[in-house]
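The values are calculated or read from the model by the stated rules, or taken from the named source; none is laboratory data. Because the structure is a prediction, the values reported are computed rather than measured. All Cβ positions, glycine included, derive from the backbone under ideal geometry; neighbour counts span all protein chains shown. Side chains are part of the model used for accessible areas, which takes the heavy atoms of the whole protein and leaves out ligands, DNA and RNA. Shrake-Rupley method; radii C 1.70, N 1.55, O 1.52, S 1.80 Å.
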Amino acid sequence: MGYEDVIQLMGEFGPYQRRIYFLLCLPAISSAFHFMAGVFLAARTDFRCLSPNESIENATYQLPLNFSNPNYIWDNETKLWPQCQISDDNHASQYYVDDRGNQSLKINPTMKCRSFVYDKTTYRLTTTSEFNLVCDNAWMRATADSLFMVGVMIGSIVFGGLSDRFGRKPIYFLAIIVHLTSGILVAVSPEFISYMMFRLIVAGSVSGLFSIAYVTVVEMVSPKKRLGTVIGIYLSFTSGYIITACFAYFITNWRILQIAITLPSIIFLSYWWLIPESVRWLLTKGRLEEAKDLLQKGASVNGVELSRDRLDILLNEFNAANKPVLEKPGLIDLMRYPNLRRKSLLLFFSWFVISGTYYGLSWNTSNLGGNDYVNFLISAGVEIPAHVFTFFTLNRLGRRIVLSGCMLFSGTSLLLTTVVPTDLPWMLVVLAMFGKSSITASFGSIYIFTTEQYPTTIRNVGLGACSTFARIAGLLVPYINYLSTIWTPLPLVIFGSGALMSGLLILLLPETLNEKLPETIEDGELFGRKSIQMKKTSSD
């Protein structure tokens, strides 16, 4: 409690904290660039086979109206020229007469297309068109997005562990250097394999940047201010989401776009002189004098006089209360006890569904029909009211009812897309965006709700396990979106069904608003069980 008392004395969120907070919100914007730019880097454009006797150097997607070739036939059903297969030039097409005397064209054996012509009206160059990620190679686009989420998972583990050991500041600086280097290497990748590998490293670095910034912000403000500051970081991410569309609209070459979203991070190199080390981390490492210097500096900027003697008393209390224990609870404790196991399984599933649905809808805008940029901007814009909604409701209506209600509404909206008439594409977009806004509000709620479900001794372990399930969902999302090639609404049906189920299961967890948080594993095992027993007693 000593450290919390110091925060109260020096100013809960004074000019000192606000300056650092503003600087740490900027990396959230940069992180959004890379999380969402894949929609445009690998955008799928219309394409066709290169027709016989056509030169790839001079070919354009649009063919003359009077174009005619017996081995290259317009498909009246798909309204497209041949895309993946074309008649074998070595076998001439023949006309034949059926039983009714109708003459039809018989196309002889086909062969796979070796070259493709892409529509460059919207996108001048994407990884899809440069590396021919179509037809038999279309699955590679989904694999690239999946590997990106692998990078996110690895980055959160590696940079998180390093920052706990060596400090927030040096590892933050390391993540910036890795990010800048790998980001440029993505832009100059000569082929698709190296593109995927370098982008995996980018994902790990931006995950590290975001998580370290997030933790640093949480560690420097009082509990009363945490909800507002966390929502501010989410809004910064949404701002980056919106700016990504602006970059992509004006830069239609994927290599230049990759450089454009990477270079702004150069400004973060200046943070070595602008951002101090986390005081809470210094205290946990016993570096009391450094922590005291920073606290006095912060108090001075906030216009508060904080004596060294007063700091000594308060921080000695903190140091005594945070002595390391020989046996630390671990991951196995989440599954060892019945009530904690039940809560953990419910939370794992919820994190899996929320993360999968959020990224699935964010990356699926091109399958909704209409303009890609407009859909993307709408998908980003609906996050703003979602974050505002959670800010004003979580401390009033309760965590459980807000989280469950948002997930149920999201699931219902997404399932309703299956009954939208084909001549009303705008309604499909509206329902999908209702689902996106609601699942975004769920994302903002689940973190706080999960934090309050676990006891202090295994809170970080529980959050880490939940985050792992969220990343696993991210690995599967590209393949779920790929199912739209079978049936366009299928990804929305999968996401909607999961959200609906999870929204109902969340109601089995105890409410945490205004509840005393559990400290020990015994407290955590009893938390929630008491309310169940009371309900049974009252019903009897």
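Brief remarks follow.
- The range 220-308 holds helices (runs of 4 or more DSSP H) entirely within its bounds, and those carrying 1 or more residues that are within 29 Å of ALA42 (Cβ to Cβ) and in contact with a Phe, Trp or Tyr (Cβ under 6 Å, 6 or more places away or on another chain) map to 223-250, 254-262.
- Of all residues making up the range 341-372, the number that are over 15 Å from the mean Cα position of the chain (by Cα), at pLDDT below 90 and assigned to a helix (DSSP H, G or I): 3
- Any hit, the range 219-232, residues being in contact with a Lys or Arg (Cβ under 9 Å, 6 or more places away or on another chain), touching a residue at least 60 places away in the same chain (Cβ under 8 Å), closer than 30 Å to MET10 by Cβ and crowded, with 22+ Cβ neighbours inside 10 Å: yes
- Filter pass, PHE166 being at pLDDT 90 or above, hydrophobic (A, V, I, L, M, F, W, C) and under 28 Å from GLY462 (Cα atoms): no
- Boolean, ILE201 is part of a helix (DSSP H, G or I) and either crowded, with 20+ Cβ neighbours inside 10 Å or modelled with pLDDT under 90 (or both): no
- Sole exception among (1) closer than 21 Å to ARG255 by Cβ; (2) in contact with a helix residue (DSSP H, G or I) (Cβ under 6 Å, 6 or more places away or on another chain); (3) in contact (Cβ under 8 Å) with a residue 40 or more places away in the chain for VAL188, by number: (2)
- Only one of the listed residues (GLN94, GLN103, GLN85) is modelled with pLDDT of 75 or more, surrounded by fewer than 15 Cβ atoms within 10 Å (Cβ to Cβ) and more than 30 Å from PHE198 (Cβ to Cβ). That residue is GLN85.
- The range 35-79, subset among the aliphatic types (A, V, I, L, M) and modelled with pLDDT under 75, residue surrounded by the fewest Cβ atoms within 10 Å (Cβ to Cβ): LEU65
- Residue within the range 397-408 that is open to solvent by 60 Å² or more (accessible area, probe 1.4 Å) and not in a helix (DSSP H, G or I) present: yes
- Picking from residues in the range 145-171 that are charged (D, E, K, R) and over 14 Å from LEU476 (Cα atoms), the one that is farthest from the chain's Cα centre (by Cα) is ARG165.
- Looking across the range 229-239, just one residue is touching a Leu at 6+ places or on another chain (Cβ under 9 Å) and within 16 Å of MET36 (Cα to Cα), and that is SER236.
- Scan of the range 186-232 for residues that are out of contact with any Ser or Thr (no Cβ under 8 Å at 6 or more places or on another chain), of a type in the set (S, T, N, Q) and closer than 20 Å to SER31 by Cβ, ordered by number: THR229
- Of LEU517, LEU504, LEU476, all but one fail to be at pLDDT below 90, open to solvent by 50 Å² or more (accessible area, probe 1.4 Å) and touching a helix residue (DSSP H, G or I) at 6+ places or on another chain (Cβ under 9 Å); the exception is LEU517.
Here's the yes/no breakdown for (1) under 17 Å from LEU282 (Cβ atoms); (2) touching a residue at least 12 places away in the same chain (Cβ under 8 Å); (3) open to solvent by less than 40 Å² (accessible area, probe 1.4 Å); (4) small (Gly, Ala, Ser):
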| residue | (1), (2), (3), (4) |
| --- | --- |
| MET140 | no, yes, yes, no |
| SER146 | no, yes, yes, yes |
| GLY151 | no, yes, yes, yes |
| VAL158 | no, yes, no, no |
| LEU162 | yes, yes, no, no |
| ARG168 | yes, yes, yes, no |
| ILE171 | yes, yes, yes, no |
| LEU174 | no, yes, no, no |
| VAL178 | no, yes, no, no |
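- In the set (1) under 23 Å from PHE376 (Cβ atoms); (2) surrounded by 21 or more Cβ atoms within 10 Å (Cβ to Cβ); (3) not hydroxyl-bearing (Ser, Thr, Tyr), ILE243 fails one condition alone, (2).
- Single residue of THR284, THR238, THR252 found to be hydroxyl-bearing (Ser, Thr, Tyr) and open to solvent by less than 20 Å² (accessible area, probe 1.4 Å): THR238
- Selection from the range 464-506 of residues that are closer than 27 Å to GLY208 by Cα and among the β-branched types (Val, Ile, Thr): THR468, ILE472, VAL477, ILE480
- A residue that is modelled with pLDDT under 90, buried (at least 21 other Cβ atoms within 10 Å of the Cβ) and among the hydroxyl-bearing types (Ser, Thr, Tyr) occurs nowhere in the range 382-395.
- ILE212 meets the conditions (1) in contact with a Lys or Arg (Cβ under 6 Å, 6 or more places away or on another chain); (2) without any contact (Cβ under 8 Å) to a residue 12 or more places away in the chain in every case but one. The failed one is (2).
- Odd one out for SER182 among (1) over 26 Å from TYR249 (Cα atoms); (2) open to solvent by less than 60 Å² (accessible area, probe 1.4 Å); (3) touching a residue at least 12 places away in the same chain (Cβ under 8 Å): (1)
- Residues of the range 126-138 that are in a helix (DSSP H, G or I), open to solvent by less than 40 Å² (accessible area, probe 1.4 Å) and not β-branched (Val, Ile, Thr): SER129, CYS135.
- The requirement of being free of Cβ contacts under 8 Å to residues at least 60 places away in the same chain, closer than 18 Å to PRO491 by Cβ, surrounded by 17 or more Cβ atoms within 10 Å (Cβ to Cβ) and aliphatic (A, V, I, L, M) is fulfilled nowhere in the range 357-376; no residue meets it.
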